[in-house]
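Okay, structure first, notes after.
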Amino acid sequence: MNSAGRLSDWSKTLAVYWQPGARSMLFLGFSAGLPLLLVFGTLSRWLREADIDRSTIGFLSWVALAYGFKWVWAPLVDRLKLPWLSEKLGRRRGWMLLAQLSIITGLCGLAFSDPRDGLQGFVMLALMVAFSSATQDIAIDAYRIERAAVRLQGVMAANYMIGYRIAMIVSGGGALGIAQLASPSETGYHLGAWMVTYLAMAALMLVGVATVLLIQEPDVQPNPVTLEREAAVDRMIERQSWLPGVLRHFSEWFYGAVISPFADFIGRYRWHAVLILALIATYRISDVVLGVISQVFYVDLGFTKGEVAVIANVLGIVMTLLGAVLGGVLVTRLGVMRILFLGGVLAAATNLLFAWLAGVGHDLAMLTLVIVADNLSAGLATSAFVAYLSSLTNVSYSATQYALFSSIMLLLPKFIGGFSGVMVDGLGYVNFFLITTAIGIPVLILIFLAMRYLPARELPNHEPGSDTS
């Protein structure tokens, strides 16, 4: 192929990013990404300025475990119709809107709270935001999977990541910038500044509300195999005439909503499901465990809110966006598994740079280098990983199965991350970052085994020619 042909080929690949279905993921990604740092990194900064100790902040990061347990209520999001909302908007859009309104309520509650006066109530509000945000993720992930074939999931994931990371710029660097501007002085604790910040973040959730009201509900038809399996279960339950009618109907719903998604996954992959789940559970472990303590690390090295906002949040997230776009293009052209392995290598290796920074101390040039490398690799790895998870999902159970996968992805890393403050207190930052690098090595072995035995496959209920229009 000549150079003009290759250029045209790449232009067509990049043009997919602006098709209607892919375009909507920019704004849904923004809505999904905005709450995360507000109950994680930015919240950690608020708590540290309020003189909450490192160990307590580390344990309070377990609020984010709501994202790790969302598979528990995902069957409700998959099958339960909400009064009025489901009728007017559809099951995916209805659940998105309900979750977004709950997030706005929780953020406003945090804005009018002070962690020094009542930490328990403060944590409950943060948990409300995390729970609602996880519910929104369930509905958005299902919408994304149902909107496009797996060959385009890398593009959908990249656009989602772009919106998500722009939101993280806003809720990270933007939030710190607002808090800085609203503070009467550079140092000290100023509750009013954090109140203004969290009210502003609540208002920005209206972007997601507007998007949900404008997009269309995806129209997905289950495949014949899934329909036949569900019909056989219905016939079996109906034959249990000794059961009261209400109990029979509940049994039918429970099997379809809760049992079938997991039975379908095990039935398709059998013993290979263990390998898949092990890979999912550990792929992000290096990044997530480090991320729990990163904002505290910046405070302890003496970086100001302004420095962190510009370098760690704004520049870092811009690099994540570039990594996400690069990952989406590479997945489309080279396949999921190769980029998944590359992302795993980079995610573990870049943690060594944090150990180097810990030894150097307060150095803006070094911080910039670390942030650029770490976030570029994180964006690439996440695009590949989301595409891989989507390839494992049956769209008849998209909300439940993807929620299971994404929950498993976070559960172990978030749990271990809760001990990060204790680990740093006992071992120091350098040894802590070396450990986060080492725990990424077994992940590479799992990816190699998955490449050998479990190549990514098309979504079971999507035609290869589906697009995002």
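Here are the numbers for this structure:
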| item | result |
| --- | --- |
| Helices (runs of 4 or more DSSP H) wholly inside the range 260-318 that include at least 2 residues being within 23 Å of LEU434 (Cα to Cα) | 272-282, 285-300 |
| Among residues of the range 69-101, those that are closer than 30 Å to VAL424 by Cα and surrounded by fewer than 22 Cβ atoms within 10 Å (Cβ to Cβ), counted | 1 |
| Any hit, the range 138-152, residues being of a type outside the set (Val, Ile, Thr), at pLDDT 85 or above, crowded, with 24+ Cβ neighbours inside 10 Å and over 18 Å from ALA22 (Cα atoms) | no |
| Residue selected from the range 294-320 under the condition modelled with pLDDT under 80 and within 23 Å of the chain's Cα centre (by Cα), by the criterion surrounded by the fewest Cβ atoms within 10 Å (Cβ to Cβ) | VAL314 |
| Residue within the range 408-415 that is surrounded by fewer than 16 Cβ atoms within 10 Å (Cβ to Cβ), of a type in the set (Phe, Trp, Tyr), at pLDDT 80 or above and out of contact with any strand residue (DSSP E or B) (no Cβ under 7 Å at 6 or more places or on another chain) present | yes |
| Tally of residues being more than 28 Å from THR187 (Cβ to Cβ), at pLDDT below 80 and under 18 Å from the mean Cα position of the chain (by Cα) across the range 8-58 | 1 |
| Among the residues listed as ILE311, ILE371, ILE339, the single one being of a type in the set (A, V, I, L, M), within 27 Å of PHE405 (Cα to Cα) and in contact with a helix residue (DSSP H, G or I) (Cβ under 6 Å, 6 or more places away or on another chain) | ILE339 |
| Condition check for ILE178: more than 20 Å from the chain's Cα centre (by Cα) and either in a helix (DSSP H, G or I) or at pLDDT below 80 (or both) | yes |
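The values are calculated or read from the model by the stated rules, or taken from the named source; none is laboratory data. Keep in mind that what you see is a predicted model, and the values were worked out from it rather than measured. For neighbour counting, all protein chains shown are included, and Cβ atoms are generated from backbone atoms with ideal geometry for every residue, glycine included.
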